[in-house]
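To start, I am sharing the structure in question, which I have written as structure tokens.
The values are calculated or read from the model by the stated rules, or taken from the named source; none is laboratory data. Since we're looking at a predicted model, the values are computed, not measured. Here Cβ is always computed from backbone atoms with ideal geometry, including for glycine, and neighbour counts include all displayed protein chains. Just so you know, the surface numbers come from the protein's heavy atoms only, side chains and all, with ligands and any DNA or RNA stripped out. Shrake-Rupley method; radii C 1.70, N 1.55, O 1.52, S 1.80 Å.
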Amino acid sequence: MNIGKGKIVTISYLLKNGAGEELDKADAKEPLVYLHGMGQLVPGLEKELDGLKAGDKKAKLEIAPEEAYGDMREDLRLTVKRSQFPADAEVQPGMRFWANTDDGNQHPFTVTGVTDEEVEIDGNHPLAGETLFFDIEVHGVRDATKEEMEHGHAHGEGGHQH
């Protein structure tokens, strides 16, 4: 059976950046199980997996930023007043939080700098602007159940448990 929309896919992978540093992995003992075609992977990786079957392997898949977490956006790098945070909050670089945007949606931000008066924040994904390199192995492909399709994710072993 080939990977396509509506299939539950089990893969192991190793993710590295352009400098060859390991960023993430899922091995065969604890693989990633996901519902293909539902946006659960970066688009470039999902495209590379289309049509593969159990036992297939691909090495050094290069996923450009626009097919991964996007390019770095300067408009998501902001400086806000320290007073916009609770007075008792220990605001420090690396802290992540969610904030309401002008359009009423919630968006994740990371604190990148702090002074007594201002806080520098960045709403870019930590891997924005990065070319990603994946080594993958497909361990299984099966049809999603009706319930999995309704819920939009994999259930059972390695998937989401209710």
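How high is the relative contact order of the range 66-135, given as a whole-number percent (alpha carbon pairs under 8 Å, six or more residues apart)?
Relative contact order here is 41 percent.
Another question, if that's okay. Which GluC sites (Glu not before Pro) from the range 78-145 combine a DSSP loop assignment with at most 13 other Cβ atoms within 10 Å?
Passing sites in the range 78-145 are GLU90, GLU117.
So, by mean Cβ neighbours within 10 angstrom, what's the order for 78-86, 2-10 with the highest one leading?
Descending mean neighbour count gives 2-10, 78-86.
Rounded to the nearest 500 deg cm²/dmol, what is the calculated helix-only ellipticity per residue at 222 nm for the chain, with -39500 (n - 2.57) per DSSP H run of length n ≥ 4?
Using -39500 (n - 2.57) per qualifying helix, the result is -2000 deg cm²/dmol.
Please list, ordered by chain and number, the residues whose modelled amide H lies under 5 Å from the amide H of VAL114; skip anything fewer than 5 residues away on the same chain.
For VAL114, whose amide H was placed from the backbone, the distant partners under 5 Å are GLU120.
Something else about it: Roll a 1.4 angstrom probe over the protein heavy atoms and tell me the percent of accessible area of the range 23-150 that is carbon or sulfur.
On the range 23-150, the fraction of accessible area on carbon and sulfur atoms equals 47 percent.
By its C-alpha gyration tensor, with a ≥ b ≥ c as the square roots of the eigenvalues, how is the chain shaped: rounded for a/c under 1.5, else prolate for a/b larger than b/c, else oblate?
Verdict is prolate for the chain.
Taking only protein heavy atoms into account and a 1.4 Å probe, give the accessible area per residue of the range 1-69 in Å².
With all protein chains present, the range 1-69 gives 56 Å² per residue.
Relative contact order of the range 1-104, please, whole-number percent, based on alpha carbon pairs below 8 angstrom and at least 6 residues apart.
Once divided by the residue count of the range 1-104, the mean separation gives 23 percent.
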